[in-house]
Structures are given as structure tokens and as C-alpha cells.
Amino acid sequence: MTDLLKLSDEELVEGFVSGKQKCFDTLIERHKQKVFSYIFLMVRNQELAEDIFQDAFLKVHRTLMKGKYSESGRFASWVMRISHNLIIDHFRRQKHFPMVYNEDHSRDIFNHTKFSESTIEDRLVQEEVLKDVAELVELLPDNQKEVVKMRHYMGLSFKEISEETNVSINTALGRMRYALINLRKMMEERKISLSYT
């Protein structure tokens, strides 16, 4: 019997579609840490993260069983996209605060030099600030929140974001710009500072 761990994602998908359940189990085992970590980072709740994780792989399972998988060579990013969409669906069900759009601030708060500090104290404070920022991200309009998460949490390029969201690169960039404006405004209103002082 072939060592399943040596097979590529695509070979495992083919094996599962042809009736080998162990191939699907191997796919879950291979990607569960990355997928679950991403979901947990986004929702910051163990039980909710577990629910979304299960929903994601149920959707993967159903899609493969129906023969509708068409992401050849991109299984991992496909699973991440499914997870991301389920997270977005969850947050869309939550209440959002109205946003004020203005042109006053455009500094990228995610690129602040303080985020590169390495002392234990700085790291602890940094985690607190990042937690505050993550909570503010949840208050953004859906299209802005989606771009921020895809860019800063999933590490996608603006080209990839434009492809995933079916908008132009300029639109994706614009959404990021407005997201940063809104985050800066909310940080000022709540007196959250990146300087930790």
C-alpha cells in the first residue's frame, strides 16, 4: 500500500474521490494545524473555532464527493478560502458599527516599527495592542475587514486578494486604505496607542 503521507494533496484528493476515506483523513491531518490556527486567530474563541473548522472540512468533503473540486494544485489555499468565507459569514451575522470615511489618516498601523521589538515586556504589550487592533478590525465594514484579514493574517498579495474577491487591484487597495483610515480613527477615539506609552 502506498504511504499516504508521501502523496501530494492532489493525489490524496483523487484517492478520496475514488473511494479511499483514509486519503481524506490524511488531508485533514496535513492541514488541520494551519487551518485551525488561522480560524482561532480570527475568532479568538476555542469552541467557535472548532465549529468553523468542522464546517470547513464538511464543506470540503461535500464538494469533493459531488465532484465539484476544480482547484488543481491549490488544495491548501482552497481550504483556507473556505475557512475564511465561513469566518466572514459568522461575522456578517454580528452587528456592525457605522463607519465614518475621511482622508485624514493613511498610515499603515500594521507596519509600525514597535511591532518589531523583541523584549519580553515589549512582546506582551505588543500582543495586547494587536488584540485591541484585532477587535477594531471586527468593527470594519465587511469588504474592508475581508481585505485586512486576507492581507495581514493570510499573507495574500493584493493581486491574490483581487482574484479571491473578484474586484480590481485598485479596488482592493482602496478598501485597504479606507480600512486603515477607519482603524486609525477608531484608535484615536479609544486612545489606543502604538507607542505603548
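The values are calculated or read from the model by the stated rules, or taken from the named source; none is laboratory data. Every value quoted in this text rests on a predicted model; they were computed, and no experiment measured them. With ideal geometry, Cβ positions are generated from the backbone for all residues, glycine too; neighbour counts draw on all protein chains shown. All accessible areas refer to the heavy atoms of the entire protein, side chains included, with ligands and DNA or RNA removed. Shrake-Rupley method; radii C 1.70, N 1.55, O 1.52, S 1.80 Å.
Figures for the structure shown
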{"read-out": "Cleavage-rule hits, trypsin sites (Lys or Arg not before Pro), the stretch 139-197, DSSP coil, Cβ neighbours within 10 Å at most 13", "value": "190, 191"}
{"read-out": "Spin-label pair residue 90/residue 65, simplified geometry with 7 Å Cα→Cβ offset, distance in nm", "value": "2.3"}
{"read-out": "Violating pairs (Cα-Cα greater than 26 angstrom) within the set 68/131; 59/185; 6/34; 32/185; 59/145; 34/159", "value": "68/131; 59/185; 32/185"}
{"read-out": "Theoretical FRET efficiency, 1/(1+(r/R0)^6), r = Cβ-Cβ of residue 58 and residue 177, R0 25 Å, to 0.05", "value": "0.10"}
{"read-out": "Rounded to the nearest 10 Å², the accessible area of residue 90 at probe 1.4 Å", "value": "30"}
{"read-out": "nm² value of the averaged projected area, convex hull over the Cα atoms of the stretch 1-97", "value": "6.8"}
{"read-out": "Sparsely packed trypsin sites (Lys or Arg not before Pro) within the stretch 32-64, loop by DSSP, other Cβ within 10 Å at most 15", "value": "44"}
